[in-house]
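Written below as structure tokens is the structure these notes are about.
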Amino acid sequence: MLMRTDPFRELDRLAQQLTGDSGTWSKPSAMPMDAYREGEEYVIALDLPGVAKDAIDIDVERNMLTVKAERRPTSRGEDAQVELSERPLGVFSRQLVLADTLDTERIRADYDAGVLTLRIPIAERAKPRKITVGGGATHQQIGP
């Protein structure tokens with residue numbers, strides 16, 4: 001079995017727990033993501049486990065994509081006694097500068113199993129295209 005740990009991420013998590021410093025709207029925490037090209041579109045997958053669909057906000061202004069989400073505490077009964085609480089609560093955010101070659105007018109967003117997937121098509125003007133060579137004009141001979 002292969003086990004990989006990130007000691008710095010663990011230190012950040014412990015510091016957040018000790019200080020009670022979860023993300024706020026003015027200072028949000030980061031959310032992990034993957035980004036890759038698949039055919040004629042770019043795909044961005046962001047992990048947002050435990051976030052309700054209506055708590056996700058996606059904006060595009062010029063070429064700046066902003067995703068914000070808020071994980072709210074779950075309601076517990078009055079007699080519930082918390083033994084362990086490691087799942088971070090608060091606001092998470094990610095900003096990405098999109099290339100001019102992407103069509104920001106046609107971004108699609110899906111949310112399934114705690115993963116927000118954004119699909120951004122490549123703009124038509126950025127796709128490679130063939131240029132045909134036309135027939136040449138007849139040459140005129142100048143001089144004797």
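Just so you know, all these numbers are worked out from the coordinates, no wet-lab data involved. Predicted, not measured: the structure shown is a model, and the values here were computed from it. Every residue, glycine among them, receives a Cβ derived from its backbone with ideal geometry; neighbour counts consider all protein chains shown.
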**Study point:** Distance (nanometres) between label positions extended 7 Å along Cα→Cβ at D110 and T74
**Key:** 2.6
**Study point:** Separation of the E86 and A123 label points, Cα + 7 Å toward Cβ, nm
**Key:** 4.5
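Which FRET efficiency value, to the nearest 0.05, is calculated for V97 and A55 with the Förster distance at 35 angstrom and r the Cβ-Cβ distance?
Values: r = 24 Å, r/R0 = 0.70.
Once the sixth-power term is evaluated, E becomes 0.90.
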